[in-house]
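> The structure follows.
The values are calculated or read from the model by the stated rules, or taken from the named source; none is laboratory data. Quantities reported herein were computed from a predicted structural model and do not represent experimental measurements. Cβ placement follows ideal geometry from the backbone for every residue including glycine, while neighbour counts extend to all protein chains displayed. SASA here: full protein model, heavy atoms, side chains in, ligands and nucleic acids out. Shrake-Rupley method; radii C 1.70, N 1.55, O 1.52, S 1.80 Å.
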Amino acid sequence: EWKGSGKSLNILLTGGTGYIGSHVAVVLAAARHRTVLFDNLANSQRDVVDKLETIIGQKQTFVEGDVRDTALVTAILRAHAIDAVIHFAGAKAVGESVAKPIEYYANNVKGGISLLEAMNTAQVKNLVFSSSATVYGDPHYLPLDEEHPVSATNPYGRTKLHMEEILADVVRADPSWHIANLRYFNPVGGHDSGLIGETPNGIPNNLMPYIAQVASGQLPFLRVFGNDYPTPDGTGVRDYIHVMDLAEGHLAAIDFLMTRSTELNTFNLGTGRGYSVLEMVHAFEKACGSPIPYHIMPRRPGDIATCYAKVDKAADLLGWNCRRNLDDMCASIWRFQHRTADERSFALASAPEGC
Ligand code: WQD
């Protein structure tokens, strides 16, 4: 396991029971930090806290609430003597953001500003922000480095861009803020225990949870959105990163903030290589041992052909590198899918008659 700088910190994780937040909680605990999980449970389940207690072997501090409740966040920062905040809380579905822009700006931008107000009041000025490679828009060149021009093609991406600009202004006004801005590529997979992983509400938008549900028989086949892209096999190429590697990147960012950081620093968190949709299908077939039926469909509106990261800056400044490969990603997805399917069937089997 990645061990950080050694000093034990109190760290607030907004969105802490979510997909990325819960995996970061595991990594921070292993590095002897104390985390406070704060979540409104809009897109995560309360039993993640119990699963984290099983994995970590210690009681977790969970507070249910919304980052837009500035007074509550301020009280939490003070009550738990928080040293640093990692801000995961927010909505992240591109298609949904096109349909519900007001909700996305209220949740992601108003929520982000409320958190900054609370941190300023409580004089807590160490922040790791969860951003996204979506801010790069359609790549002008590849691999994407942190200097690549940014632009947004949907409200979700614009909320991330607005927050990045707000953070830059906050640091310019008050350099005592130490901020790490992490641009995630495509997080996939779950903890080795199979207890936590990606649990999208309803039909998954993202590729890997969808493939996992086809493999477990919950969905009939995968729709491949276009095979006429300028890529080796015609299907979309993305930089998929194991969520545990991504989580370790957050520990490295916390260490960086608390020791060597100056003001605002942006880092790509990816693997530096891309895989196509069909490569992901074949890798998953290897992991689950059965074929994944798919049909080629028209391109999905707003999709780009290829996206993958240049990861030198995180390696050089954070001393962080990905340690897990594609087989590890697919094996962990399948392990989690299995376990949740078992839990679902156990719940059905043990449910009282006629319920
Ligand atoms: C990956 C590839 C699809 C589903 C999105 C957000 C991004 C981030 C990660 C939040 C593409 C293809 C997908 C399917 C398919 N989220 N695909 N059939 O679009 O790269 O990124 O999620 O931060 O902001 O934009 O991820 O998993 O949706 O798609 O063929 O059923 O799989 O066309 O090439 P994406 P994705």
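> Which aspartates and glutamates have a Cα lying under 14 Å from the Cα of residue 92, excluding residues fewer than 8 positions away in the same chain?
The reachable aspartates and glutamates, counting only those whose Cα sits under 14 Å from residue 92, are 103, 198.
> Give me the accessible area of residue 78, 1.4 Å probe, in Å² rounded to the nearest 10.
Here the accessible area works out near 150 Å².
> Along the charge dipole of the chain, which of 87, 276, 176 sits closest to the positive end, that is, farthest toward it, with unit charges on the beta carbon of Lys, Arg, Asp and Glu (+1, +1, -1, -1)?
176
> Rounded to the nearest 20 Debye, what is the dipole magnitude of region 187-267 about its Cα centre when Lys and Arg each give +1 and Asp and Glu each give -1 at the C-beta?
Values: 3 positive and 9 negative charges, 45 e Å.
Here region 187-267 has a charge dipole of around 220 debye.
> Can you work out ³J(HN,Hα) from phi for every residue in region 245-250, in order, using Karplus 6.51 cos²θ - 1.76 cosθ + 1.60 and θ = phi - 60°, giving whole Hz and x for Gly and Pro?
Along region 245-250, the couplings run 5, 4, 4, 5, x, 6 Hz.
> Note down the magnitude of the dipole of the chain about its Cα centre, charges +1 on Lys and Arg C-beta and -1 on Asp and Glu C-beta and zero elsewhere, to the nearest 20 debye.
Working: 31 positive and 39 negative charges, 53 e Å.
Using only the charged Cβ atoms, the result is roughly 260 debye.
> Given the options 241, 288, 18, identify the residue whose Cα lies farthest towards the positive end of the charge dipole of the chain (+1 on Cβ of Lys, Arg; -1 on Cβ of Asp, Glu).
Looking along the dipole axis, the top candidate is 18.
> How high is the relative contact order of region 1-102, in percent, with contacts defined as C-alpha pairs under 8 Å that are six or more residues apart?
34
> Report, in debye and to the nearest 20, how large the dipole of region 1-137 comes out about its Cα centre when Lys and Arg carry +1 and Asp and Glu carry -1 on their Cβ.
Dipole of region 1-137, to the nearest 20 debye: 380 debye.
> Rounded if a/c is under 1.5, else prolate if a/b beats b/c, else oblate: with a ≥ b ≥ c from the C-alpha gyration tensor eigenvalues square-rooted, which is region 216-355?
Oblate.
> Okay, moving on. Based on the Cα coordinates of the chain, what is the per residue volume of their convex hull in Å³?
143
> I'd like to know which of 29, 250, 311 lies farthest towards the positive end of the charge dipole of the chain, counting +1 on Cβ of Lys and Arg and -1 on Cβ of Asp and Glu.
Projecting each Cα onto the dipole axis, the largest value belongs to 29.
> Antiparallel versus total DSSP beta bridges in the chain: what percent is that, nearest 5?
So the antiparallel bridges in the chain amount to around 5 percent.
> Does region 8-96 classify as rounded, prolate or oblate by the C-alpha gyration tensor (a ≥ b ≥ c root eigenvalues; a/c under 1.5 gives rounded; else a/b over b/c gives prolate, otherwise oblate)?
Oblate.
> Using a 10 Å cut-off on Cβ atoms, rank the peptides 30-43, 296-309 from the highest mean neighbour count down.
Numbers: 30-43: 19.6, 296-309: 16.3.
In decreasing order of mean packing, 30-43, 296-309 become 30-43, 296-309.
> Additional query: Could you tell me which of rounded, prolate or oblate describes region 97-160, using a ≥ b ≥ c as the square roots of the eigenvalues of the alpha-carbon gyration tensor, with rounded for a/c under 1.5 and, failing that, prolate when a/b is larger than b/c and oblate otherwise?
Oblate is the answer for region 97-160, as a/c is 1.5 or above yet b/c matches or exceeds a/b.
> How large is ³J(HN,Hα) for each residue in region 206-215, as worked out from phi by the Karplus curve 6.51 cos²θ - 1.76 cosθ + 1.60 (θ = phi - 60°), to whole Hz, x for Gly and Pro?
Values, residue by residue: 7, 4, 5, x, 5, 4, 4, 6, 5, 4 Hz.
> Give the accessible area for residue 221 in Å² (nearest 10); use a 1.4 Å probe, count only protein heavy atoms, and leave out ligands, DNA and RNA.
Rounded to the nearest 10, that gives 70 Å².
> In deg cm²/dmol, rounded to 500, what helix-only [θ] at 222 nm does the chain give when every DSSP H run of at least 4 residues adds -39500 (n - 2.57) and the total is split over its residues?
-12000 deg cm²/dmol
> Now a separate question. Tell me which residues come under 5 Å, amide H to amide H, from residue 132 once H is placed; ignore anything under 5 positions away on its chain.
Counting only residues 5 or more places away or on other chains, the set is 184.
> Taking the full set of protein chains and a 1.4 angstrom probe, give the accessible area of residue 198 in square angstrom, rounded to the nearest 10.
Roll a 1.4 Å probe over it and residue 198 shows about 40 Å².
> Return the sequence-ordered ³J(HN,Hα) values of region 283-292 in whole Hz as given by the Karplus equation 6.51 cos²θ - 1.76 cosθ + 1.60 applied to θ = phi - 60°, using x for Gly and Pro.
5, 6, 4, 5, 6, 9, x, 9, x, 9
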